[in-house]
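See structure below.
The values are calculated or read from the model by the stated rules, or taken from the named source; none is laboratory data. Everything quoted here is computed from the prediction, not taken from an experiment. Please note: Cβ atoms are built from the backbone with ideal geometry, for glycine as well, and neighbour counts cover all protein chains shown. The area values use the complete protein model at the heavy-atom level, side chains included, leaving out ligands, DNA and RNA. Shrake-Rupley method; radii C 1.70, N 1.55, O 1.52, S 1.80 Å.
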Amino acid sequence: MQLPGPTDIPERVLPALARQSVDFDHAGFTELVAGCLDGLGCMLGTRGRVYACAALGQGAPEATLVNLVGAGEVVRVPETGRFGTRWAQMAEALGLPVARLPTDTRRPVDPGPIETALRADWEHRIRGVLAVHVETSIGIRHDPPSPRAALDAARHPALLVVDAIASLASIPLEMDPCGIDLVVAGSQKKPVPAAGVSFVAAGPHALELARTGGPPRRYRDGWGRAGAESHERSSGTPPVSMIFALRQALDTPGEEGRPAVVVPDARLVGAVRAVVARWSGSGAIDFHCLNPDARADAVTRLAFASGIEPDRQREWARDRYGVAGGGGSRPVRRRPLRTGYPGDRDDAMVPGVPGVLALRESRVPYGQGGVEAALGALARR
Ligand SMILES: *Cc1c(COP(=O)(O)O)cnc(C)c1O
């Protein structure tokens, strides 16, 4: 499973999903939920409140929009890829005026045009800048200090809202120190990794707006409401099994007792990059992200020259050899192929996967020596 997630569930977490259910009103479970959510807040570097809901990843972004934005206000969305665009589509579907900001989807987002747009908004009609930390669809890391700097330079009070679904637990994110007002995240990319729970971490500015803003709502108001009971903190029946899995996943203590953010092993990341660098010698394959520093560690997206159809290659690798890689997703669907490794990975998998992808039956012309380059990178300790 070389998908960005859901992917292999680590052996350590798997048994938690087979645990028998418990009475969710029991004090022990309430405490377990509180421990989990507090742990997540700690991991995200925030003193704000964290809420969880049984939902797909997009449950938290939609709840965020419903809670924060009242009629007639605008949200500004840099269109960084599939998930940046999804923010915009979601807001538009809710009837919100959206100011989309086209970006170069092969590079990290440029804060300049965001700042210009914020400066032009002298009436402060923009309520939020909706950003994405790791654009999984294209394998690019957009660091949140960049839109924060644009907001500060323009002295604009809009909230900075960050989708950290793909980066939670695998890339450190310091929400309060970075001036992020709200983070949405989910269980399926790293922590568990299986779909089922969506999280919101909200700082004081966001909580205040949620109290006064937005249209009437009930279910999606869950995270705007304080309450100690486990059902209050998940807006209804808590997803008990997923909470057990999450508890187990967060059980690796890091610095100062915070749950550890487990960054992908640099040797494995280096080996994957060494393969792609060699393959690119053919001129038919390259990294999608043109800035080496902004390439996401947990998902590598390849770009292919026109005329090459990697989807067939992907299906062939999955059906014949059991190696599943990620496809492309709109709006940058052309020339997709992604390989992710947020779950359990080891040295043998890194040369094995590109080895399968590059087998002679492949119709994709690739530069030679990729597997040797990976072995060389792995040998450097
Ligand atoms: C996977 C992912 C999502 C959520 O997807 P769902 O299909 O709603 O679960 C959102 N944002 C990013 C950055 C993601 O990687």
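Tabulated values for the structure
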quantity: Cross-chain or 6+ apart pairs with Cβ under 8 Å, segment 303-321 first and farther than 24 Å from I140 by Cα, then among the hydroxyl-bearing types (S, T, Y) and open to solvent by 50 Å² or more (accessible area, probe 1.4 Å); calculated: none
quantity: Failed item in (1) charged (D, E, K, R); (2) within 21 Å of the chain's Cα centre (by Cα); (3) at pLDDT below 90, with R267 passing the rest; calculated: (2)
quantity: When residues of segment 167-197 are limited to those that are more than 12 Å from the ligand (Cβ to nearest atom) and touching a His at 6+ places or on another chain (Cβ under 7 Å), the one nearest to A298 (Cα to Cα); calculated: L173
quantity: S230 being more than 22 Å from A249 (Cα to Cα), away from the ligand (no atom under 16 Å from the Cβ) and of a type in the set (G, A, S); calculated: no
quantity: Options V77, V22, V50; residue that is hydrophobic (A, V, I, L, M, F, W, C), outside any helix (DSSP H, G or I), surrounded by fewer than 18 Cβ atoms within 10 Å (Cβ to Cβ) and modelled with pLDDT of 90 or more; calculated: V22
quantity: Subset of segment 288-302 [assigned to a strand (DSSP E or B) and without any contact (Cβ under 8 Å) to a residue 60 or more places away in the chain]; calculated: L302
quantity: Selected residue (only one of R258, R217, R247 is open to solvent by 30 Å² or more (accessible area, probe 1.4 Å), within 30 Å of D25 (Cα to Cα), at pLDDT below 90 and under 22 Å from the mean Cα position of the chain (by Cα)); calculated: R258
quantity: Verdict on G70 being open to solvent by 50 Å² or more (accessible area, probe 1.4 Å), in a loop (DSSP other than H, G, I, E, B) and at pLDDT below 95; calculated: no
quantity: Number of positions in segment 85-143 that are assigned to a loop (DSSP other than H, G, I, E, B), within 16 Å of the ligand (Cβ to nearest atom) and small (G, A, S); calculated: 2
quantity: Residue in segment 152-172 that is in contact with an Asp or Glu (Cβ under 8 Å, 6 or more places away or on another chain), of a type in the set (S, T, N, Q) and not in a strand (DSSP E or B) present; calculated: yes
